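The values are calculated or read from the model by the stated rules, or taken from the named source; none is laboratory data. The model shown is predicted, which means the values in this text are computed figures rather than measured ones. Please note: Cβ atoms are built from the backbone with ideal geometry, for glycine as well, and neighbour counts cover all protein chains shown. Keep in mind that these areas ignore ligands, DNA and RNA; they rest on the heavy atoms of the full protein, side chains included. Shrake-Rupley method; radii C 1.70, N 1.55, O 1.52, S 1.80 Å.
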Amino acid sequence: MSTPFDDFASLSLDDARTLVNGAEALLERALERARALTGNGKAIDDHQVTTERVAYAATEGRAARALVERTARIAAEGRADRSLELLTLAGCAELVASLRGRVDQALSELGLVESDLDAAFPAPLRALLRRAGSEALLRALGQQQIERRGRSDLPLDETLEQIRESVREFAEQEVAPHAEHIHRRDDLVPEAFIRKMGELGYFGLSVPEAYGGHEMGNLAMILTTEELSRASLAAAGSLITRPEILTKALLQGGTDEQKRAWLPRIASGELMVGISVTEPDVGSDVASVKCRAERATVGGREGFLINGPKSWCTFAGRADVLALLARTDPDPASGARGLSLFIVPKDSFPGHDFEMKQPGGGRIVGKADATPGYRGMHSFTLSLESYFVPAENLVGGEAGLGKGFYLQMGGFAAGRLQTGGRAIGLGQAALEKTCEYVEGRKQFGRPIGSYQLTRFVIGRMAARLAGARAITYAAAEAFDEDERSAAPLAAQAKLLACDVAVAITQDGQVLHGGWGYAEEYPISRYVVDAQVLPIFEGVRPILELKVVGRALLGG
Ligand SMILES: Cc1cc2nc3c(=O)[nH]c(=O)nc-3n(C[C@H](O)[C@H](O)[C@H](O)COP(=O)(O)OP(=O)(O)OC[C@H]3O[C@@H](n4cnc5c(N)ncnc54)[C@H](O)[C@@H]3O)c2cc1C
């Protein structure tokens with residue numbers, strides 16, 4: 001029996017390896033030159049565009065390596081079917097062609113010449129790149145994706161497959177039926193989701209068992225996030241981001257007493273968390289946070305009074321605690337060293353605005369900012385006025401004074417990793433709904449899924465998603481080994497996966513034609529939800545220059 005892949009019998013996983021090796025040779029040259037150009041990263045700001053190109057190219061190279069290695073592992077277990085091998089090859093070709101183009105564009109700034117490009121990509125390798133990224137292969141992959149409705153079940157070990165299956169069941173049965181309603185009415189996440197997710201242990205995936213969690217490793221956390229986000233980015237997948245960030249910060253820098261006091265309640269879902277770093281005038285430049293925390297004794301208790309505005313604090317209304325970054329050293333010159341992290345308890349409010357008053361006169365006023373997507377948790381502008389926080393809520397105790405920036409950054413690294421999972425879950429949803437739609441929709445007497453260009457676009461969506469998934473899973477495994485050294489890889493996973501989610505939700509929307517713009521079809525929600533992904537947890541240019549660029553160039 002013939003299959004759509006018969007014409008590609010000569011292509012193998014070794015070809016994907018060959019492409020990645022060529023890409024890495026070119027990247028090595030580009031990185032070497034970029035280090036020289038920027039004085040080992042010290043002068044990145046004098047070469048931002050070149051740094052951005054090289055950092056992104058390196059991210060694509062890393063994703064291609066992750067993709068080929070994961071499929072090789074699956075193949076070694078005898079579990080890789082032909083379509084997975086060819087999807088891997090096409091995914092690598094997409095990434096490698098893109099990275100080659102980026103280095104090409106930066107050639108003269110890097111002080112390289114055509115022959116450097118040719119040395120890494122001689123004519124036979126260029127021919128292989130064309131074959132592996134050919135429209136014929138992408139069309140065949142697209143045809144198969146449409147036939148299997150875009151479903152993905154990448155082979156994993158038995159435990160991880162069970163986790164994926166059980167979260168998928170929960171997400172499909174309990175979350176998906178409500179996702180549209182929550183989005184369109186900008187409702188708050190239903191309490192039933194929170195209660196059930198708490199019972200199922202989803203908030204404690206990074207909390208050690210000793211503190212009441214179900215620590216299963218970062219890949220289990222990513223799979224959970226992915227499946228929840230496939231049902232709803234805002235009303236499920238993103239619910240576990242905030243507990244993840246505070247958990248990592250507490251594990252890294254909290255006192256034993258704080259870990260015992262907070263982690264079990266976070267793990268059970270008893271406490272919902274908001275993360276409050278951003279301010280109206282302070283975004284990417286976190287070291288300049290201005291919100292102040294000053295020592296005070298209120299009602300006989302030692303602690304801090306917090307004053308200042310905060311912005312974009314997601315879930316601040318419903319949250320029971322805010323992990324809030326504030327300036328404890330009033331000298332602005334103290335920069336990052338003057339910041340400390342506080343756990344700020346508050347009452348939980350269901351609406352789009354709230355006022356929380358303390359008996360001593362302190363208050364927090366919050367108002368949600370309307371957004372086109374990412375609805376369900378609501379992101380608040382806050383004003384804190386003499387809001388009292390007891391001294392024991394300073395993360396790390398007295399030793400944590402001035403360490404807030406570093407703890408927050410550790411938390412953000414975890415948040416970025418988790419956001420990679422959110423992006424691939426959303427991208428997966430877009431692929432599936434698009435495959436379903438193009439099969440049913442007929443124009444000019446044929447299903448639109450039978451047209452060459454539709455199949456090509458869907459094949460490319462799947463190939464891009466495979467690369468994004470591979471780098472995110474690789475980052476999760478690296479995080480299990482060593483969180484600190486894996487932080488740049490987590491940023492790369494976030495960077496690529498979020499861009500892929502934006503691109504493929506839009507591809508899916510166009511394939512829905514006018515109905516892609518109708519609220520009635522979930523693809524319109526996926527598009528607006530995806531657009532926030534490259535903004536939060538480190539806006540794209542900052543990740544490229546200050547996280548990935550610095551890590552690669554050594555600045
Ligand atoms: C829906 C939503 C939810 C959010 N949730 C939270 C939350 O729960 N908690 C929280 O604390 N924050 C949250 N944020 C805030 C988010 O993290 C910030 O928006 C983000 O970090 C960027 O900061 P900014 O918006 O101030 O942009 P800015 O820092 O002002 O950056 C804007 C643009 O300026 C450019 N830029 C800035 N600096 C440089 C530079 N050095 N070099 C080159 N270009 C530069 C970049 O192009 C960047 O894209 C949320 C945001 C949104 C939209």
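Which GluC sites (Glu not before Pro) in region 16-95 sit in a loop by DSSP (not H, G, I, E or B) and have at most 12 other Cβ atoms within 10 Å of their own Cβ?
When the GluC sites (Glu not before Pro) of region 16-95 are filtered for loop state and at most 12 Cβ neighbours within 10 Å, Glu77 remain.
In nm, what is the difference between 0.36 nm times the number of residues separating Glu209 and Asp45 and their Cα-Cα distance?
Details: separation 164, 0.36 × 164 = 59.04 nm, distance 4.41 nm.
54.6 nm is the gain from fully extending Glu209 to Asp45.
Taking 0.36 nm per residue of separation and subtracting the Cα-Cα distance, what length does fully extending Ala25 through Met409 add?
On the way: separation 384, 0.36 × 384 = 138.24 nm, distance 3.19 nm.
Extending this stretch completely gives an extra 135.1 nm.
Can you return the lysines within cross-link range of Lys442? Criterion is Cα-Cα under 25 Å, with same-chain partners fewer than 8 residues away left out.
Within the straight-line cut-off, Lys442 pairs with Lys433.
Return P(r) of the chain (all Cα-Cα pairs; 10 Å bins starting at 0; whole %; ordered from short to long distances).
Percent of Cα pairs in each bin: 4, 18, 27, 25, 16, 7, 2, 0, 0.
Can you give me the angle between helix 176-185 and the longest principal axis of the chain, using Cα atoms only, in degrees from 0 to 90, rounded to the nearest 10?
Taking Cα atoms only, the helix is inclined about 60 degrees.
Where the only charges are on Cβ atoms (+1 Lys, Arg; -1 Asp, Glu), what is the dipole of region 104-187 about its Cα centre, to the nearest 20 debye?
Working: 11 positive and 18 negative charges, 98 e Å.
Computed about the Cα centre, the dipole is about 480 debye.
Could you report the accessible area of Glu161 in Å², rounded to 10, computed with a 1.4 Å probe on the protein chains as they sit in the structure?
60 Å²
Quote the charge dipole size of the chain about the Cα centre in Debye, to the nearest 20; the model charges only the Cβ of Lys and Arg (+1) and of Asp and Glu (-1).
Values: 63 positive and 74 negative charges, 153 e Å.
So the magnitude is around 740 debye.
Relative contact order of region 492-555, please, whole-number percent, based on alpha carbon pairs below 8 angstrom and at least 6 residues apart.
Values: 38 pairs, mean separation 22.6, N = 64.
Contact order relative to length: 35 percent.
Between Glu477 and Arg82, how many nm apart are label points set 7 Å from Cα along the C-beta direction?
It is 2.7 nm.
Compute and list, largest first, the equivalent-ellipsoid semi-axes of region 275-324 from the alpha carbon gyration tensor, each √(5λ) rounded to a whole angstrom. Write down the numbers at each step before the final one.
On the way: eigenvalues 99, 47, 11 Å².
So the three semi-axes of region 275-324 are 22, 15, 7 Å.
Just reorder Met409, Met461, Met356, Met216 by solvent-accessible area, largest first, 1.4 Å probe, all chains present. If you can, show how the numbers build up before the last one.
Values: Met409 55, Met461 0, Met356 20, Met216 90 Å².
Largest accessible area first, the residues go Met216, Met409, Met356, Met461.
Once you have a ≥ b ≥ c as the square roots of the Cα gyration tensor eigenvalues for region 417-555, tell me rounded if a/c is under 1.5, and otherwise prolate or oblate according to whether a/b is larger than b/c.
Working: a/c = 2.83, a/b = 2.35, b/c = 1.21.
Prolate, because a/c is 1.5 or more and a/b exceeds b/c.
Projected area of region 13-75, taken from the Cα convex hull and averaged over every viewing direction, in nm²?
Details: hull surface 16.9 nm².
Quarter of the Cα hull surface area: 4.2 nm².
Calculate how large, on average over all directions, the projected area of the Cα convex hull of region 286-422 is; give the answer in nm² to one decimal.
Details: hull surface 33.9 nm².
Result: a mean projected hull area of 8.5 nm².
Counting heavy atoms of the protein chains only and a 1.4 Å probe, report the per residue accessible area for the chain as a whole number of Å².
Numbers: 21840 Å² over 555 residues.
With the other protein chains kept in place, the chain gives 39 Å² per residue.
When only Cα pairs under 8 Å and 6 or more residues apart are kept, what is the percent relative contact order across region 304-345? The partial results should precede the final answer.
Values: 37 pairs, mean separation 15.9, N = 42.
Result for region 304-345 is 38 percent.
In nanometres, what is the gap between the two model label sites at Val113 and Ala333, each 7 Å from Cα along Cα-to-Cβ?
5.0 nm
From the backbone phi of region 434-444, what are the Karplus-calculated ³J(HN,Hα) couplings (6.51 cos²θ - 1.76 cosθ + 1.60, θ = phi - 60°) in whole Hz, Gly and Pro given as x?
6, 4, 4, 5, 5, 6, x, 7, 10, 9, 6
Using the Kirkwood formula over every pair of different C-alpha atoms, what hydrodynamic radius in Å results for region 452-508?
Values: mean 1/r = 0.0831 Å⁻¹.
That comes to 12.0 Å for region 452-508.
Explain nothing, just compute: Karplus ³J(HN,Hα) = 6.51 cos²θ - 1.76 cosθ + 1.60, θ = phi - 60°, for every residue of region 263-279 in order, whole Hz, x for Gly and Pro.
Couplings: 4, x, 6, 6, 4, 7, x, 5, 10, 8, 10, x, 10, 10, 10, 5, 10 Hz.
Cα-Cα over 24 Å: which of Lys290/Lys346; Lys290/Lys403; Lys290/Lys494; Lys259/Lys346?
Lys290/Lys494
Could you tell me the calculated FRET efficiency between Asp14 and Asp347, based on Cβ-Cβ distance and R0 = 56 angstrom, to the nearest 0.05?
Working from the Cβ atoms, E equals 0.40.
Could you check the spin-label model distance between Ala261 and Tyr517? Points 7 Å from the Cα along Cα→Cβ, value in nm.
5.4 nm
Let me cross-check His178: its accessible surface, 1.4 Å probe, with only protein heavy atoms counted, in Å² to the nearest 10?
Spelled out: His178, probe radius 1.4 Å, area about 90 Å².
What's the center-to-center distance, using Cα atoms, between region 176-216 and region 370-404 in Å?
Region 176-216 and region 370-404 have Cα centres separated by 21 Å.
With θ set to phi - 60° and the Karplus curve 6.51 cos²θ - 1.76 cosθ + 1.60, what are the ³J(HN,Hα) couplings of region 326-336 in order, to the nearest whole Hz, using x for Gly and Pro?
Going residue by residue, I get 9, 8, 9, 9, x, 6, x, 5, 6, x, 4 Hz, with x marking Gly and Pro.
Kindly express, to the nearest 10 degrees and within the range 0 to 90, the angle between helix 82-105's C-alpha long axis and the longest C-alpha principal axis of the chain.
80 degrees
Using the Cα gyration tensor of region 82-163, with a ≥ b ≥ c the square roots of its eigenvalues, what is the shape: rounded (a/c below 1.5), prolate (a/b larger than b/c) or oblate (neither)?
Working: a/c = 3.10, a/b = 2.04, b/c = 1.52.
Judged from the Cα gyration tensor, region 82-163 comes out prolate (a/c at least 1.5, a/b above b/c).
Could you work out the helix-only [θ] at 222 nm for the chain, with each DSSP H run of four or more residues adding -39,500 (n - 2.57) and the total divided by the number of residues, to the nearest 500 deg cm²/dmol?
Numbers: 18 runs with 292 residues, N = 555.
Theoretical 222 nm ellipticity from helices: -17500 deg cm²/dmol.
How many angstrom lie between the C-alpha centres of region 107-124 and region 284-330?
51 Å
Share of the chain's accessible area from carbon and sulfur, percent, 1.4 Å?
Values: 10950 of 21840 Å².
Carbon plus sulfur share of accessible area: 50 percent.
What size of dipole, in debye to the nearest 20, comes out for region 1-70 about its Cα centre when the only charges are +1 on Lys and Arg C-beta atoms and -1 on Asp and Glu C-beta atoms?
Numbers: 9 positive and 12 negative charges, 70 e Å.
I would put it at about 340 debye.
Roughly how tilted is helix 483-511, in degrees to the nearest 10 and between 0 and 90, from the longest Cα axis of the chain?
Computed tilt is about 60 degrees.
Restricting to Cα pairs below 8 Å that are 6+ residues apart, what does the relative contact order work out to for region 427-553? Please round to a whole percent. All intermediate terms of the calculation are to be shown ahead of the outcome.
Values: 121 pairs, mean separation 34.9, N = 127.
Contact order relative to length: 28 percent.
In Å, what Rg and Dmax follow from the Cα atoms of region 240-333?
Final numbers for Rg and Dmax: 14.2, 40 Å.
Under 4 °C and 1.567 mPa s, how fast does region 36-135 diffuse according to Stokes-Einstein, given a Kirkwood radius computed over C-alpha pairs? Answer in µm²/s, whole number. Write down the numbers at each step before the final one.
Details: Rh = 15.1 Å.
Once the numbers are plugged in, D ends up at 86 µm²/s.
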